[in-house]
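Written out below as structure tokens is the structure these notes cover.
The values are calculated or read from the model by the stated rules, or taken from the named source; none is laboratory data. The model shown is predicted, which means the values in this text are computed figures rather than measured ones. Cβ placement follows ideal geometry from the backbone for every residue including glycine, while neighbour counts extend to all protein chains displayed. The protein model used for the area step is the full one, side chains on, heavy atoms only, and it has no ligands, DNA or RNA in it. Shrake-Rupley method; radii C 1.70, N 1.55, O 1.52, S 1.80 Å.
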Amino acid sequence: MGLVDELLAHPGLYLGVDRVTGTEESGVARMVVTALPGQSGVTLDYEVLNAGKPDRLRAHVEHTVIARTHGGGTVMVIGHPHADSVAILHETDPGTFELGAEGSPFPMKVVVAMPEPGRLRHSWWYGRPGEDAVERDVAELTRTA
């Protein structure tokens, strides 16, 4: 079973903790997984809240679509506040989404896994322009309903 099928089989609200690799920073992670029409994929509405930074409580927000393409591949399209364009990533290995020809203002990839039904691991890899993408933000979430 591929990632799209696993997510379609387990939609709903997921809650957990997002940690910034190599630091003490963490926040409350909230993700809502919703099926697309025709069962072609899902949307992920994802945000991280951080009570430790009252001036910036919403540490991260994104709206993501993960969907199968007519040609047989799987794509991830992410709208996020770190650029004024969407990121279009292509699945290169199961659950691993990397930039294609469309590019990005910075190097990035996203890895999503469902180690068991109702549990998600979502990790953002990124770097500064010219650097390699490094795993930086890792959320471990559990479905609540």
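From the list Leu3, Leu15, which residue is under 16 Å from Ser123 (Cα atoms), under 16 Å from the mean Cα position of the chain (by Cα) and surrounded by fewer than 19 Cβ atoms within 10 Å (Cβ to Cβ)?
Values: Leu3 fails: surrounded by fewer than 19 Cβ atoms within 10 Å (Cβ to Cβ).
Matching residue, one of Leu3, Leu15: Leu15.
Take the range 101-124 and flag every residue that is modelled with pLDDT of 95 or more, of a type in the set (A, V, I, L, M, F, W, C) and either open to solvent by 50 Å² or more (accessible area, probe 1.4 Å) or closer than 17 Å to Ile88 by Cα (or both). Val110, Val111, Val112 - these are the residues of the range 101-124 that are modelled with pLDDT of 95 or more, of a type in the set (A, V, I, L, M, F, W, C) and either open to solvent by 50 Å² or more (accessible area, probe 1.4 Å) or closer than 17 Å to Ile88 by Cα (or both).
Restricting attention to the range 73-100, which residues are of a type in the set (Gly, Ala, Ser), loosely packed, with under 13 Cβ neighbours inside 10 Å and closer than 21 Å to Pro129 by Cβ? Within the range 73-100, just Ser85 meets the criteria.
So which residues in the range 43-72 are outside any strand (DSSP E or B) and open to solvent by 30 Å² or more (accessible area, probe 1.4 Å)? Correct list: Ala51, Gly52, Lys53, Pro54, Asp55, Arg56, Leu57, Thr69, His70, Gly71, Gly72. Within the range 80-109, the set of residues being in contact (Cβ under 8 Å) with a residue 40 or more places away in the chain and outside any loop (DSSP other than H, G, I, E, B) comprises Glu91 only.
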